[in-house]
1. Please report the antiparallel percentage of the DSSP beta bridges confined to the chain, to the nearest 5.
2. Taking a quarter of the surface of the Cα convex hull of the range 199-320, what do you get in nm²?
3. Taking the solvent-accessible surface of protein heavy atoms with a 1.4 Å probe, what is the per residue accessible area of the chain in Å²?
4. If we count every other residue with Cβ under 13 angstrom of Pro212's Cβ, Lys/Arg +1 and Asp/Glu -1, where does the sum land?
5. Order 325-335, 89-99, 38-48 from most to least packed using the mean count of other Cβ atoms within 10 Å.
6. Starting from the Cα of Arg79, step 7 Å along the direction of its Cβ; do the same at Ala320; then give the gap between the two resulting points in nm.
7. How high is the relative contact order of the range 254-370, given as a whole-number percent (alpha carbon pairs under 8 Å, six or more residues apart)?
8. I'd like the carbon and sulfur percentage of the solvent accessible area for the range 24-153, probe radius 1.4 Å, heavy atoms only, ligands and nucleic acids excluded.
Amino acid sequence: MDVLIVGAGPTGLTLGIDLVRRGVDALVVERAEGLFPGSRGKGLQPRTLEVFDDLGVADAIRAAGRPYPNRLTWKDGERVGEQAMFERIEADEGTPYTEPWMVAQWRTQEILYARLLELGGAVDFGREVTDLEQDAEGVTVRFADGGAVRSAYVVAADGGRSVVRRAVGVGMAGETVDPAPFLVADVRLTGLDRDSWHVFPKDDGTAVGLCPLAGTDDFQLQARLAEGTEPDLTLDGIRELVAACTHLDAGDVTELRWSSGFRPRAALADRFRAGRVLLAGDAAHLHSPAGGQGLNTSVQDAYNLGWKLGAVLHGGAPQALLDSYEEERRANAAAMLDLSTGVHRGEVRRGRATVQLGLDYRESSLTVDRRQNPTGIRAGDRAPDGTVSGIRLFDAFRGPHWTLLGAPTPLTGVRALPAAPQSYGSGTFLIRPDGYVGWAGDSSDGVEAYLAGVGV
């Protein structure tokens, strides 16, 4: 087997889709008996929507969700204020998705899982990893049922308490973002409209929010509790909390579908690679849920890693290409951790800073810009959408290939368009499979050498 992915959350499923479409022999294993049942990460940022467009699930994701409603604040049973959840960003030709899209995490995972199966991939549920050993040729993973699997590489996508991360001895340093305990739950209730995100703050700093979950009959309840208390995750406990903090009665909460307690923490793994084991998602970085950065940063991890594993396994690229995964993604995750902590503490507004469209890899060792007087888009930037000779760029980019804008392609497996849109500036641009500009030049001289180094 080429790659064993441990964990069937958004990270593992995204990576599984990307690898399977590249012809990589990959298997996802999950300790639970089924997919995660809760709403937890419900906000999909515009950059993630672009990734999902490439992976073939954008239409299903759009159909399953909706934009965020306004936040409506209540005080003593009265409406006292309403405001938009996010700074508005106007769409343009280069940026078709500009607003976060609300989809419950369980539904996002169902859509990704269905796409993985459609492509011929699989998830083995009920497979709990207990230990692993690696050598120069591969990794042997052992399971609680006594079985074992041998693969060339292993990706830890098994969450913040990652067994795989601990097995390879990678530490994770962090800080408490908020001393108060938090509770999140999916509930059904009566007495509130589904047109607003209802927020009930109290003078002591505690608060309850009730957000109608798009595409469902549920509300997601989020609560900041008093310091020193423990969340009561039962139906009776949720009813008592709602009755104490809102104008609703306990009986208005008719059903509890899922609940979880946590303390917001920001943490970053010391390394994202340990030999043939790579860390992604919550196994590599833990975020406060404020700002919707955790799930989205995790999807970006998988999208960055997929093409690199494919190039090493089947494209003849050197194993050293995988070092660029940690180089690019660890720095990015560190920045997103600072951002999500800032949003949690009210220091950063949700908007341009949080949609993840401005993230770049300009400082990466994979980034080359040979232009004498570069203008517009720089190597390392996200490649915007646009139109060339009647062809939409995102349509041209879709798939596991590289794309060359502004010159004939020198190699099979690289799609070429005769020019780049005016918004890119002057030059020739080579677009990586994950939608970033890897190389730019005044002409195509040097493209072949660059591509040879990354396995094309």
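1. On the way: 62 of 86 bridges.
The answer is about 70 percent antiparallel.
2. Values: hull surface 43.1 nm².
Reported value for the Cα convex hull: 10.8 nm².
3. On the way: 18090 Å² over 456 residues.
Per residue, the chain has 40 Å² of solvent-accessible surface.
4. Working: positive: Lys42, Arg66, Arg71, Arg188, Arg194; negative: Asp186, Asp193, Asp195, Asp217, Asp218.
Here the count lands on 0.
5. On the way: 325-335: 19.4, 89-99: 15.1, 38-48: 23.4.
Listed from highest to lowest mean packing, they are 38-48, 325-335, 89-99.
6. Taking the two extended label points, one gets 6.2 nm.
7. On the way: 113 pairs, mean separation 30.7, N = 117.
Once normalised by length, the contact order is 26 percent.
8. Working: 2580 of 5990 Å².
Of the solvent-accessible surface of the range 24-153, carbon and sulfur hold 43 percent.
The values are calculated or read from the model by the stated rules, or taken from the named source; none is laboratory data. Given the structure is predicted, the values throughout are model-derived calculations rather than measurements. As a convention, Cβ positions derive from the backbone with ideal geometry for all residues, glycine included, and neighbour counts pool all protein chains shown. Calculation scope for accessible area: heavy atoms of the full protein, side chains included, ligands and nucleic acids excluded. Shrake-Rupley method; radii C 1.70, N 1.55, O 1.52, S 1.80 Å.
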